[in-house]
Protein chains: 2
Amino acid sequence: MSAIRQDPTTREWVIVAPNRARRPHTARDEPAAAPAPDAACPFCPGNEASTPPGLLRLPGPGGSGWAVRVIPNKFGALTPSGEPVRRECGPLFREMDGVGHHEVIVETPRHDRTMSRMTDAEVELVLRAYQARYKALRADARVKYIIIFKNHGERAGTSLSHPHSQLVAAPVPPMQTRRKYEVATAHFDDTGRCLYCDLVEAEVEAKDRLVLETDRFVVFQPYASRVPFETWIAPKRHEPSFAQVSAEDLVGLARVLRRTLATLGAVLGAHDFNYVLHSAPVEDEGKRYYLWHIQILPRLQTIAGLELGSGIFITTMAPEESASLVRDALARGAGGR
Amino acid sequence: MSAIRQDPTTREWVIVAPNRARRPHTARDEPAAAPAPDAACPFCPGNEASTPPGLLRLPGPGGSGWAVRVIPNKFGALTPSGEPVRRECGPLFREMDGVGHHEVIVETPRHDRTMSRMTDAEVELVLRAYQARYKALRADARVKYIIIFKNHGERAGTSLSHPHSQLVAAPVPPMQTRRKYEVATAHFDDTGRCLYCDLVEAEVEAKDRLVLETDRFVVFQPYASRVPFETWIAPKRHEPSFAQVSAEDLVGLARVLRRTLATLGAVLGAHDFNYVLHSAPVEDEGKRYYLWHIQILPRLQTIAGLELGSGIFITTMAPEESASLVRDALARGAGGR
């Protein structure tokens with residue numbers, strides 16, 4: 001079992017998971033868009049037995065096979081057994097067992113079908129799987145924070161190239177999230193409004209970093225983007241948690257996400273990226289301080305010493321400029337309709 | 001001129017520096033240990049005219065040529081002109097001009113002489129150059145925070161392979177540093193002691209993460225290491241700022257740094273890494289809350305979506321295990337004496 005340790009200088013948590021050193025890496029042996037199903041790929045149909053038993057299975061068209069599978073991460077950083085009891089290891093050091101959940105969402109049976117090539121309906125199934133697992137795991141009283149993310153490409157940390165995302169349900173919210181909450185709470189106390197709702201409104205008003213707007217969602221490149229082409233997708237109504245998104249809105253979100261990723265691909269060419277689905281900590285879902293949102297981070301630059309050492313990022317393109325490029329591509333229909 | 005923008009959700013700063021997109025990248029065209037001086041390398045002797053005029057020049061042996069040069073970064077993220085006056089861009093967005101200093105320390109005239117191959121005396125000259133620039137820049141009233149770092153290898157963000165480090169003097173401390181200060185201040189208020197001094201003492205006492213100890217310095221792999229083989233070098237006496245290190249201690253530090261890097265190289269083979277020289281913010285140098293230290297971060301793992309999205313790192317090796325490997329290598333004399 002892994003351990004979760006607290007950094008005494010930042011109070012941030014680190015997961016020490018030696019078993020993950022053994023996970024297979026095939027991504028770097030394959031071209032960016034891998035050609036075809038692979039007998040050695042644990043996520044391809046026919047190889048289901050090489051992964052742990054499934055947690056969720058959405059049936060394929062006509063009920064045959066599967067469209068999306070969710071399985072425990074075979075080399076999971078956290079394990080769903082035990083209790084996250086803190087141990088004091090001397091006056092400064094604190095740790096607990098690595099209790100939690102680490103799951104893999106296999107997004108499609110097709111080895112080469114990246115999200116921007118999917119239909120809207122296929123992306124919707126992925127989002128439904130995210131939400132189903134999110135709702136199931138927040139019922140676990142040990143779970144305090146759920147994060148869903150995708151590593152696409154080697155520079156983004158993929159170890160397997162078959163399209164998949166991951167879910168981590170942790171027994172403690174990240175200190176970074178606690179800090180964001182402090183900022184948002186102070187804003188609410190000052191103004192009586194949700195900082196993130198105000199932010200979405202301000203980006204819609206400013207227009208120059210806006211990428212796409214529907215009746216329900218806003219896509220923009222944030223004012224203080226950390227990397228070129230950083231892109232956020234946020235809801236227009238106040239919803240702190242992804243668990244709260246309606247089935248109808250998942251349909252609209254699927255279309256917005258697919259178009260956004262495809263358009264970024266049209267502008268940047270094949271590129272590595274991460275996306276992260278942020279939600280409020282489980283116990284704060286009812287508060288008015290936060291908004292779930294998807295943060296897309298293209299990995300065009302390397303994170304270097306300044307970023308790692310200080311937290312200050314240097315971005316080489318203003319979001320106003322990159323957003324204008326993405327808007328132009330969208331207008332040309334580069335990312336589909 | 002670049003701009004420094006504040007993220008309204010984290011209050012962290014981001015430098016928007018479009019001119020840096022134009023900087024040359026030669027590192028990825030060369031093998032990890034580049035073979036020989038290069039006519040196209042702006043940091044090799046003979047090519048001094050291709051870089052901006054020098055800020056510091058330490059003469060070579062016998063006074064001929066130079067041993068270490070410091071020059072402004074030709075594609076600097078910050079510029080030493082103007083005043084860092086904040087501009088409110090609406091109720092949520094805040095920025096200032098990119099005022100500050102961004103310098104390059106060319107560590108040696110030899111294109112292929114990485115720090116672990118240098119003599120102790122050569123490393124000492126590099127540290128003297130760091131300190132001389134640190135002292136010169138903290139006299140600039142606009143400078144609130146100085147960070148010195150090294151990107152070694154492409155995975156660590158190097159754009160040029162000739163051995164060099166960088167210095168950034170910013171008009172505002174990183175929010176991350178402010179947060180670390182909060183933690184350290186609370187510890188001081190609770191205990192009357194410096195958190196970092198206590199940490200060094202606790203690591204010396206725990207022994208199992210300790211790598212090297214001299215009369216003046218401690219090298220250890222921290223309890224909550226973010227990446228495998230993360231290694232800190234810290235002083236035993238209370239010194240918040242690198243500006244306060246005595247000339248005598250720079251000699252000892254050079255030896256410790258060179259041995260540590262060489263031993264990590266012996267254990268890991270050729271590998272990319274960052275190191276960061278942390279100091280207290282300029283105005284807090286007199287306080288008892290902080291300790292300058294060097295943090296070495298081997299880039300063996302890719303920083304992926306979980307790390308970027310939550311701040312929680314997953315490390316695949318416990319620091320007790322990696323420290324033991326490094327201690328064994330040191331005992332064998334793998335990193336020199």
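Test A:PRO45 against the stated conditions and say whether it is outside any helix (DSSP H, G or I) and farther than 17 Å from A:PRO163 by Cα.
Details: outside any helix (DSSP H, G or I): yes; farther than 17 Å from A:PRO163 by Cα: no.
Considered against the rule, which asks whether it is outside any helix (DSSP H, G or I) and farther than 17 Å from A:PRO163 by Cα, A:PRO45 comes out as no.
Can you report the number of residues in region B:212-233 which are out of contact with any Leu (no Cβ under 8 Å at 6 or more places or on another chain), within 14 Å of another protein chain (Cβ to nearest Cβ) and hydroxyl-bearing (Ser, Thr, Tyr)?
Of the residues in that region, 1 qualify.
Which strands (runs of 3 or more DSSP E) sit wholly inside region B:264-333 and have at least 3 residues that are acidic (Asp, Glu)?
Numbers: elements: B:273-278, B:293-298, B:313-315.
Fully inside region B:264-333 and qualifying: nothing.
Out of the residues in region B:318-329 meeting the condition of being crowded, with 22+ Cβ neighbours inside 10 Å and aliphatic (A, V, I, L, M), tell me which one is farthest from B:HIS187 (Cα to Cα). First the steps, then the outcome.
Taking region B:318-329 and keeping what is crowded, with 22+ Cβ neighbours inside 10 Å, we get B:319, B:322-323, B:326.
Of the ones still in play, those that are also aliphatic (A, V, I, L, M) are B:323, B:326.
Numbers: B:ALA323: 27, B:VAL326: 31 Å.
If we take residues in region B:318-329 being crowded, with 22+ Cβ neighbours inside 10 Å and aliphatic (A, V, I, L, M), then B:VAL326 is farthest from B:HIS187 (Cα to Cα).
May I ask you to verify whether A:GLU203 is at pLDDT below 95 and either in the same structural domain as A:ARG299 (by TED's automatic domain parsing) or farther than 29 Å from A:THR10 by Cβ (or both)? Quick ask: steps written out before the conclusion?
Working: at pLDDT below 95: no; either in the same structural domain as A:ARG299 (by TED's automatic domain parsing) or farther than 29 Å from A:THR10 by Cβ (or both): yes.
Judged against the criteria, A:GLU203 is not a match.
Residue-wise test of (1) within 29 Å of B:GLU88 (Cα to Cα); (2) within 14 Å of another protein chain (Cβ to nearest Cβ); (3) in contact with a helix residue (DSSP H, G or I) (Cβ under 9 Å, 6 or more places away or on another chain).
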residue: A:GLY192; (1), (2), (3): yes, yes, no
residue: A:ARG209; (1), (2), (3): yes, yes, yes
residue: A:ARG255; (1), (2), (3): no, no, yes
residue: A:HIS271; (1), (2), (3): no, no, yes
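Take B:SER116 and decide whether it is small (Gly, Ala, Ser), assigned to a strand (DSSP E or B), under 17 Å from the mean Cα position of the chain (by Cα) and over 26 Å from A:ALA318 (Cβ atoms). Walk me through it before giving the result.
Working: small (Gly, Ala, Ser): yes; assigned to a strand (DSSP E or B): no; under 17 Å from the mean Cα position of the chain (by Cα): yes; over 26 Å from A:ALA318 (Cβ atoms): yes.
For B:SER116, the condition - small (Gly, Ala, Ser), assigned to a strand (DSSP E or B), under 17 Å from the mean Cα position of the chain (by Cα) and over 26 Å from A:ALA318 (Cβ atoms) - is not met.
Can you tell me which residues in region B:139-153 are in contact with a Pro (Cβ under 7 Å, 6 or more places away or on another chain) and facing another protein chain (nearest Cβ under 9 Å)?
B:TYR145
Taking the residues in region B:64-111 that are farther than 30 Å from A:GLU205 by Cα, within 12 Å of another protein chain (Cβ to nearest Cβ) and assigned to a loop (DSSP other than H, G, I, E, B) as candidates, determine which candidate is modelled with the lowest pLDDT.
Initially, region B:64-111 is screened for residues farther than 30 Å from A:GLU205 by Cα, giving B:64-76, B:79-82, B:100-111.
Next, from what is left, pick out any that are within 12 Å of another protein chain (Cβ to nearest Cβ): B:73, B:75-76, B:100, B:102.
Next, only the ones that are assigned to a loop (DSSP other than H, G, I, E, B) stay: B:73, B:75-76, B:100.
Working: B:ASN73: 94, B:PHE75: 90, B:GLY76: 93, B:GLY100: 97.
Among those that are farther than 30 Å from A:GLU205 by Cα, within 12 Å of another protein chain (Cβ to nearest Cβ) and assigned to a loop (DSSP other than H, G, I, E, B), it is B:PHE75.
When region B:213-225 is examined, which residues are found to be surrounded by fewer than 22 Cβ atoms within 10 Å (Cβ to Cβ) and within 19 Å of the chain's Cα centre (by Cα)?
The initial filter retains those residues of region B:213-225 that are surrounded by fewer than 22 Cβ atoms within 10 Å (Cβ to Cβ), namely B:213-216, B:218.
B:VAL218 - this is the single residue of region B:213-225 that is surrounded by fewer than 22 Cβ atoms within 10 Å (Cβ to Cβ) and within 19 Å of the chain's Cα centre (by Cα).
Only one residue in B:LEU199, B:LEU250 is in a helix (DSSP H, G or I) and in contact with a Pro (Cβ under 9 Å, 6 or more places away or on another chain). Which one?
Numbers: B:LEU250 fails: in contact with a Pro (Cβ under 9 Å, 6 or more places away or on another chain).
The match here is B:LEU199.
Looking at region B:181-194, can you tell me whether even one residue there is within 28 Å of B:PRO298 (Cβ to Cβ) and free of Cβ contacts under 8 Å to residues at least 40 places away in the same chain? Before the answer, list the steps.
Start the filter on region B:181-194 by keeping residues that are within 28 Å of B:PRO298 (Cβ to Cβ), which leaves B:181, B:183-184, B:194.
Retained after the next criterion (residues that are free of Cβ contacts under 8 Å to residues at least 40 places away in the same chain): B:183.
Among the residues of region B:181-194, at least one is within 28 Å of B:PRO298 (Cβ to Cβ) and free of Cβ contacts under 8 Å to residues at least 40 places away in the same chain, which makes the answer yes.
State whether the residues of region B:90-97 include one that is on the phi > 0 side of the Ramachandran plot and in contact with a helix residue (DSSP H, G or I) (Cβ under 8 Å, 6 or more places away or on another chain).
At the first step, the residues of region B:90-97 found to be on the phi > 0 side of the Ramachandran plot are B:90.
Then drop every residue that is not in contact with a helix residue (DSSP H, G or I) (Cβ under 8 Å, 6 or more places away or on another chain), which leaves B:90.
Checked region B:90-97: at least one residue is on the phi > 0 side of the Ramachandran plot and in contact with a helix residue (DSSP H, G or I) (Cβ under 8 Å, 6 or more places away or on another chain).
For A:ALA27, which of the numbered conditions (1) more than 14 Å from chain B (Cβ to nearest Cβ); (2) at pLDDT below 95; (3) within 30 Å of A:ASP120 (Cβ to Cβ) fails to hold?
It is condition (1) that A:ALA27 fails.
How many residues does region A:165-188 contain that are crowded, with 22+ Cβ neighbours inside 10 Å and in a strand (DSSP E or B)?
The number of residues fulfilling the criteria is 5.
Is there a residue in region A:154-163 that is assigned to a strand (DSSP E or B), within 10 Å of another protein chain (Cβ to nearest Cβ), in contact (Cβ under 8 Å) with a residue 40 or more places away in the chain and hydrophobic (A, V, I, L, M, F, W, C)? Let's see the steps before the verdict.
Going through region A:154-163, the residues assigned to a strand (DSSP E or B) turn out to be none.
So far as region A:154-163 goes, no, none of its residues is assigned to a strand (DSSP E or B), within 10 Å of another protein chain (Cβ to nearest Cβ), in contact (Cβ under 8 Å) with a residue 40 or more places away in the chain and hydrophobic (A, V, I, L, M, F, W, C).
Would you please name the residue that is nearest to B:THR114 (Cα to Cα), looking only at residues in region B:243-296 that are acidic (Asp, Glu) and touching a residue at least 12 places away in the same chain (Cβ under 8 Å)? Lay out the reasoning, then the answer.
At the first step, the residues of region B:243-296 found to be acidic (Asp, Glu) are B:248-249, B:272, B:283-285.
Imposing the further condition that a residue be touching a residue at least 12 places away in the same chain (Cβ under 8 Å) reduces the set to B:249, B:272, B:283-285.
On the way: B:ASP249: 22, B:ASP272: 12, B:GLU283: 34, B:ASP284: 33, B:GLU285: 31 Å.
Filtering first and then ranking leaves B:ASP272.
I want to confirm something. Restricting to region A:1-11 and keeping residues that are facing chain B (nearest Cβ under 7 Å) and surrounded by fewer than 24 Cβ atoms within 10 Å (Cβ to Cβ), which single residue is nearest to A:ALA77 (Cα to Cα)?
Applying the filter and picking the extreme gives A:GLN6.
Confirm whether A:VAL126 is within 30 Å of A:ALA40 (Cα to Cα) and modelled with pLDDT of 95 or more. I'd like the intermediate steps shown before the answer.
Details: within 30 Å of A:ALA40 (Cα to Cα): yes; modelled with pLDDT of 95 or more: yes.
Yes, satisfied.
In region A:73-112, what residues are farther than 20 Å from A:PRO18 by Cα and crowded, with 16+ Cβ neighbours inside 10 Å?
A:LEU92, A:ILE105, A:VAL106, A:GLU107, A:THR108, A:PRO109, A:ARG110, A:HIS111, A:ASP112
The values are calculated or read from the model by the stated rules, or taken from the named source; none is laboratory data. On a predicted model such as this, the values are computed, not experimentally measured, just so you know. Note: ideal-geometry Cβ built from the backbone for every residue, glycine included; neighbour counts use all protein chains shown.
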